[in-house]
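In what follows, a structure is listed as structure tokens, so that the remarks can point back to it.
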Amino acid sequence: MNREGDGSTHSRFPTARISLQLKDNRDMICCITTPPFVLLFCNAFPHSNSDFFGEMIVMVIGNNKTLTPNFEERKKGINKKGIRSNKRGETEVEVKKREGGNMAQGKESVKATPLAAMAEAFEELSRLVNSCSSYHLSLIHFCDACSLVSVLFGSLGIAFKYAELEYVSKIRDLLEASKTYETLEDIIDRDVKYNTVRSAGSHSRNLRRVRQGLDLIRVLFEQFLSSNDFSLREAASTAYSEVCAPYHTWAVRAAVSAGMYALPIREQLLLRLNEDDQSAEKQMRRYINASLPIMAYVDELYKARDISLDW
């Protein structure tokens, strides 16, 4: 395999190359080789300030390892077993244990976990929309709650990196729109007026994609909690197939399917979220219950204006 202009080769392996043209002149190239390596090269994300810009990501299928030559990897390094480690040679698990042992034990020093913060934010939104049938949800408050979900996408690792970038870019767009428009109704009414509801980059379309992201996490949580033996990869695959796959091309579905092998295992996810089985179940169920009325509220905004939801 040759990347144009750099002369690097991996010609020992047969390679299938998929080039994806994405929204806003972005493109993703997925190169799948055998033996089972998946190389994703993502280029020109206009809304991303992360080290992900222009890097090549190598996922070793079957071993649940990810090698990404970005700044974070160069600083932390990877040990001989392929596990990320810091300058002390500590793995992520060892660092978490050490940091946990150094934390103050007083209640005042304990901060809300990402899951707890997310659940609390959506419970507050749920109370607001349920308080009055004619309530108009503030766009800025909606964005503040939804921004907390990006932490969960980040905890899922490289498999959901594209979903994270897409989700975050949509939130940024809506946050920018909140400087002009006060409520969710306002942005939809504006697009209805100019017939741009389904146009690429419109606020109404971005709102639909954010709502889709919320539903993806909801279904993932439901699958995750359905059985202690249900792996994160199975939960994520089911959630993606149900929520996102119907709207994606074959090439995107193939890239996502390959990326599922790079997901962390169940225990690793709980560690990254600073949760155990019991606390994670509590917070996930809080989010599931609180997010349903929010998604129903958003759906009703479209249906009330005779806009179908099949897009």
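Within the stretch 186-200, the set of residues being open to solvent by 40 Å² or more (accessible area, probe 1.4 Å), in a loop (DSSP other than H, G, I, E, B) and not charged (D, E, K, R) comprises 194, 195, 199, 200.
Taken over the stretch 217-235, the residue count meeting the criterion of being open to solvent by 20 Å² or more (accessible area, probe 1.4 Å) and without any contact (Cβ under 8 Å) to a residue 40 or more places away in the chain is 8.
To keep it simple, each residue is scored yes or no on (1) under 29 Å from residue 255 (Cα atoms); (2) in contact (Cβ under 8 Å) with a residue 60 or more places away in the chain; (3) among the aliphatic types (A, V, I, L, M).
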| position | (1), (2), (3) |
| --- | --- |
| 152 | yes, yes, yes |
| 159 | yes, yes, yes |
| 170 | yes, no, no |
| 177 | no, no, yes |
| 190 | no, no, no |
| 201 | yes, yes, no |
| 209 | yes, no, no |
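Residues considered: 214, 263, 174. Of these, the only one that is surrounded by 20 or more Cβ atoms within 10 Å (Cβ to Cβ), modelled with pLDDT of 95 or more, in contact with a Ser or Thr (Cβ under 9 Å, 6 or more places away or on another chain) and on the phi < 0 side of the Ramachandran plot is 214. A count restricted to the stretch 287-304 and to residues that are surrounded by fewer than 19 Cβ atoms within 10 Å (Cβ to Cβ) and in a helix (DSSP H, G or I) stands at 9. Would you be able to say whether some residue in the stretch 236-248 is in a helix (DSSP H, G or I), surrounded by 15 or more Cβ atoms within 10 Å (Cβ to Cβ) and touching a residue at least 40 places away in the same chain (Cβ under 8 Å)? Scanning the stretch 236-248 turns up at least one residue that is in a helix (DSSP H, G or I), surrounded by 15 or more Cβ atoms within 10 Å (Cβ to Cβ) and touching a residue at least 40 places away in the same chain (Cβ under 8 Å).
Looking across the stretch 139-170, the residues that are open to solvent by less than 20 Å² (accessible area, probe 1.4 Å) and within 19 Å of residue 181 (Cα to Cα) come down to 139, 142, 143, 145, 146, 169.
For the stretch 282-311, the candidate set comprises residues that are among the polar types (S, T, N, Q) and modelled with pLDDT of 95 or more; within that set, the residue that is nearest to residue 213 (Cα to Cα) is 291. Per the conditions (1) in a loop (DSSP other than H, G, I, E, B); (2) aromatic (Phe, Trp, Tyr); (3) under 25 Å from residue 301 (Cα atoms), the sole criterion not satisfied by residue 230 is (3).
The values are calculated or read from the model by the stated rules, or taken from the named source; none is laboratory data. Fair warning: this is a prediction, and the values are worked out from it, not measured in the lab. Every residue, glycine as well, gets a Cβ built from its backbone with ideal geometry; the counts of neighbours run over all protein chains shown. Just so you know, the surface numbers come from the protein's heavy atoms only, side chains and all, with ligands and any DNA or RNA stripped out. Shrake-Rupley method; radii C 1.70, N 1.55, O 1.52, S 1.80 Å.
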